[in-house]
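Novice: Have a look at this one.
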Amino acid sequence: MSSPIPKSVIDELRTLVPDLAIVTPNSPDYEASIDRWFFLSVKRAGAVVFPITAAQVSLILQFTRKNSIPIATKGGGHGIRGESSTEGGIVIDLSKMKGVRVEGSKIITRGGAIWCEVYDEAEKFGLAAVGGICPDVGVGGFLLHGGYGFLTSEHGLGMDNMLEVEVVLADGSIVRASDHENQDLFWAMKGAGGCFGIVTEFVLKGHQQKNEVWTGKMIFPRTALRAVTEMGNRVLESQNKGHSVLGHFWVYSPEGMMIEATPFYNGPEDEAKKFFAPLLELNPVVNKAKMVPFSQSGASATAPGKWRKLSGARSMITPMNADFLEERMDEFEEFLNTVPDAREQSVVGFEIIGTRAIVSVKQNETAFANRGKHSTVRIIPVYSKEENDEVCKEWCLEMERKFQKDFEQRQKDPLLDEVTRSSTGLYLNYDGFGLSPNKIFGCNYERLVELKKKYDPRNVFKNCVDLL
Ligand SMILES: Cc1cc2nc3c(=O)[nH]c(=O)nc-3n(C[C@H](O)[C@H](O)[C@H](O)COP(=O)(O)OP(=O)(O)OC[C@H]3O[C@@H](n4cnc5c(N)ncnc54)[C@H](O)[C@@H]3O)c2cc1C
């Protein structure tokens with residue numbers, strides 16, 4: 001198969017950047033190079049290039065600009081909007097740009113690292129970072145568009161812990177951005193980073209993490225939904241130094257719907273068991289919670305390649321209403337009975353993280369506009385047959401609409417705090433259906449557009465989000 005990019009143009013790139021690995025459609029590793037976690041994110045690139053240095057990224061960007069070739073930036077490849085893929089253009093794949101080092105309390109990672117690499121290195125120094133719960137996620141997409149992790153309840157979003165970044169801008173210039181240098185760019189990088197440049201180095205706050213953490217999967221019958229929801233509300237509102245997280249997923253079983261919950265507590269086991277006592281008293285069918293090193297606390301979510309996955313997401317303002325959730329669970333079960341192909345792997349999930357540190361930052365202090373006292377709801381139909389694409393999409397969108405309606409109604413509460421009232425309730429990193437940028441960036445949208453005109457007037461990074 002030939003590339004839509006003429007061979008002469010690829011040869012010119014080879015000459016310009018001699019050591020650059022380039023994969024084209026007739027290379028044996030082409031299919032692997034365009035593979036992505038979400039099947040809808042797979043697109044047939046004209047070429048995939050693997051820079052190692054910022055200088056190489058700079059040359060590539062100058063070259064694609066001169067030749068008017070569209071680009072996509074790829075970090076860990078977990079993006080669900082197809083934003084790290086391009087139909088016919090060049091993917092700038094950072095997966096060979098590896099390396100994590102620790103300097104004092106700072107963790108410095110190169111642009112293509114994934115979270116498990118950061119955790120492993122940081123742990124040698126008794127440190128941890130606010131990173132992905134799933135250890136295979138790329139640091140890039142996670143940090144630049146938010147970042148909800150196990151340590152978020154203590155230390156805020158991943159991006160709140162960025163101290164400095166090295167960025168290659170659309171014109172090829174290599175700059176640094178922080179609270180002291182290019183402050184406006186740094187503001188934009190915290191929430192809309194992928195639209196402003198390619199980050200080749202992140203400097204992150206490391207946090208003391210000498211103790212083990214208490215976590216592990218528990219399984220409950222659906223009758224526990226009310227109690228699990230109440231526990232979730234306690235977690236969301238917890239002020240106990242923010243040490244708590246509770247993820248839970250609704251899953252199918254032939255005996256009826258089940259709830260898979262994963263509590264997380266960053267502290268001694270007795271304290272953890274006291275805090276999560278309402279869960280333990282429910283006598284979970286399975287209970288694997290125990291003390292583990294922080295680097296072992298997450299779990300990969302790699303459904304085998306045959307699965308087609310969609311991703312819907314919304315937010316639920318605290319306190320979450322158990323009656324409302326009972327109805328949604330009934331509908332989920334009904335959907336799985338109508339589409340048995342989706343039974344094995346589909347989930348409706350709740351990422352419930354203490355919000356104390358998130359809402360301690362104002363909504364316009366960073367480009368991210370989804371701060372609030374709410375949990376994230378994920379609606380993920382997973383199925384195998386193409387013929388079910390439409391029915392799964394329709395169900396997913398319908399669930400989104402119901403959660404959205406609840407969110408908007410709750411936002412009208414005059415007693416709601418300022419930050420939650422101004423929240424979009426939408427998380428770019430979980431948006432599977434291409435929401436418009438003004439919806440995603442809410443009160444920060446206009447400032448972002450102005451900065452985009454300054455830093456990327458030709459909209460080179462429109463693949464991430466088209467801001468212009
Ligand atoms: C299984 C799974 C688990 C997840 N778990 C979590 C979680 O615990 N918490 C959470 O908040 N999110 C989570 N996410 C969402 C995840 O944070 C986003 O999908 C994120 O964008 C993935 O980043 P990536 O680098 O792996 O993706 P990619 O697809 O490689 O990139 C996504 C976007 O980020 C940009 N980008 C990536 N790296 C760079 C860089 N160095 N410089 C500039 N732009 C860059 C790309 O341009 C692209 O627009 C999860 C997603 C999946 C699929």
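The values are calculated or read from the model by the stated rules, or taken from the named source; none is laboratory data. Here the structure is a predicted model, which is why all the values come from computation and not from measurement. Glycine gets a Cβ as well: all are built from the backbone with ideal geometry, and neighbour counts include every protein chain shown. Keep in mind that these areas ignore ligands, DNA and RNA; they rest on the heavy atoms of the full protein, side chains included. Shrake-Rupley method; radii C 1.70, N 1.55, O 1.52, S 1.80 Å.
Novice: Taking the range 417-440 as the region of interest, how many residues are closer than 24 Å to Met320 by Cα and part of a helix (DSSP H, G or I)?
Specialist: Looking only at that region, the number is 9.
Novice: I'd like to know if the range 180-199 contains one or more residues that are part of a strand (DSSP E or B), within 16 Å of the ligand (Cβ to nearest atom) and not hydrophobic (A, V, I, L, M, F, W, C).
Specialist: So in the range 180-199, the residues part of a strand (DSSP E or B) come out as 198-199.
Keeping just the survivors that are within 16 Å of the ligand (Cβ to nearest atom) gives 198-199.
Going one step further and asking which of them are not hydrophobic (A, V, I, L, M, F, W, C), we end up with none.
No; the residues of the range 180-199 include none that is part of a strand (DSSP E or B), within 16 Å of the ligand (Cβ to nearest atom) and not hydrophobic (A, V, I, L, M, F, W, C).
Novice: Tell me whether the range 127-135 contains one or more residues that are within 27 Å of Pro437 (Cβ to Cβ), near the ligand (Cβ under 8 Å from one of its atoms), open to solvent by less than 10 Å² (accessible area, probe 1.4 Å) and of a type in the set (A, V, I, L, M).
Specialist: No, every residue in the range 127-135 fails to be within 27 Å of Pro437 (Cβ to Cβ), near the ligand (Cβ under 8 Å from one of its atoms), open to solvent by less than 10 Å² (accessible area, probe 1.4 Å) and of a type in the set (A, V, I, L, M).
Novice: Is there a residue in the range 368-383 that is assigned by TED's automatic domain parsing to the domain that holds Thr262, hydroxyl-bearing (Ser, Thr, Tyr) and part of a loop (DSSP other than H, G, I, E, B)?
Specialist: So the first thing to find is which residues in the range 368-383 are assigned by TED's automatic domain parsing to the domain that holds Thr262, and the list is 368-383.
Restricting the remaining residues to those that are hydroxyl-bearing (Ser, Thr, Tyr) gives 375-376, 383.
Filter once more, keeping what is part of a loop (DSSP other than H, G, I, E, B): none.
Among the residues of the range 368-383, not one is assigned by TED's automatic domain parsing to the domain that holds Thr262, hydroxyl-bearing (Ser, Thr, Tyr) and part of a loop (DSSP other than H, G, I, E, B), which makes the answer no.
Novice: Something else now. Does Ser85 satisfy being at pLDDT below 95, open to solvent by less than 10 Å² (accessible area, probe 1.4 Å) and polar (S, T, N, Q)?
Specialist: no
Novice: Would you check which residues across the range 366-397 are of a type in the set (D, E, K, R) and touching a residue at least 24 places away in the same chain (Cβ under 8 Å) and list them?
Specialist: Restricting attention to the range 366-397, the residues satisfying the condition of being of a type in the set (D, E, K, R) are 371, 373, 378, 385-387, 389-390, 393-394.
Within the range 366-397, Arg371, Lys373, Arg378, Lys385, Glu386, Asp389, Lys393 qualify.
Novice: Let me ask another. All but one of (1) closer than 20 Å to Tyr265 by Cα; (2) of a type outside the set (Phe, Trp, Tyr); (3) near the ligand (Cβ under 8 Å from one of its atoms) hold for Gly111; which doesn't?
Specialist: Among (1) closer than 20 Å to Tyr265 by Cα; (2) of a type outside the set (Phe, Trp, Tyr); (3) near the ligand (Cβ under 8 Å from one of its atoms), the lone unmet condition for Gly111 is (1).
Novice: Do we have Val49 as touching a residue at least 40 places away in the same chain (Cβ under 8 Å) and in a strand (DSSP E or B) here? Talk me through it step by step, then tell me what you get.
Specialist: Numbers: touching a residue at least 40 places away in the same chain (Cβ under 8 Å): yes; in a strand (DSSP E or B): yes.
Yes.
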